[in-house]
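The values are calculated or read from the model by the stated rules, or taken from the named source; none is laboratory data. Since the model is a prediction, treat every value here as computed from it, not as a measurement. Because the Cβ atoms are built from the backbone with ideal geometry, glycine has one as well, and the counts that use them run over all protein chains shown. These accessible areas exclude ligands, DNA and RNA; they are computed on the full protein's heavy atoms, side chains included. Shrake-Rupley method; radii C 1.70, N 1.55, O 1.52, S 1.80 Å.
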Amino acid sequence: QVQLQESGPGLMKPAQTLSLACTVSGASITSDPYYWSWIRQPPGKGLEWIGYIAYNGSTYYSPFLKSRTSISRDTTKNQFTLHLNSVTPEDTAVYYCARDANGGNAVDYWGKGTLVTVSA
């Protein structure tokens, strides 16, 4: 079975860079043809897609966030990492990593999520 686990800070100050890692087991982020994605959900709101890094290393980001977003990977650790620059309180959300089958709207495995609160 595929498992994904988010890790990173729960509290951030405005203007800092948020880095969240997703460690994957049961699948290879390089060899299996999937899109390794980040999705977030602000409190009381719906899901917002952030972006992905594909199995071939290509990246794609939400046009609403791309100026502040990058996703990298460490293939040795089978891990991919979200970097979100210049965070504000509006970035407060539960952040999920997920596997997507086609890079769009086909998530089949989710991490359990991690709450990130941005506050001065």
Once the in-chain neighbours fewer than 8 apart are removed, the lysines whose Cα is under 26 Å from Lys77 read Lys66, Lys112
Anchor Lys45: aspartates and glutamates whose Cα lies under 15 Å away (excluding residues fewer than 8 positions away in-chain): Glu90, Asp91
How much length is gained on full extension from Glu90 to Ser62, taking 0.36 nm per residue of separation minus their Cα-Cα distance? 8.5 nm
In order over segment 74-88: 3J(HN,Hα) from phi, Karplus 6.51/-1.76/1.60, θ = phi - 60°, whole Hz, x for each Gly or Pro, gives 10, 5, 5, 8, 6, 9, 10, 10, 8, 10, 10, 7, 6, 5, 10
With a 1.4 Å probe and every protein chain left in place, work out the accessible area per residue of the chain in Å², rounded to a whole number. 51 Å²
At Ala120 and Ala106, where each label point lies 7 Å from the Cα along Cα→Cβ, what is the point-to-point distance in nanometres? 4.5 nm
Sorted by chain and then number, the residues having a modelled amide H within less than 5 Å of the amide H of Thr92, at least 5 places away or on another chain, are Val118
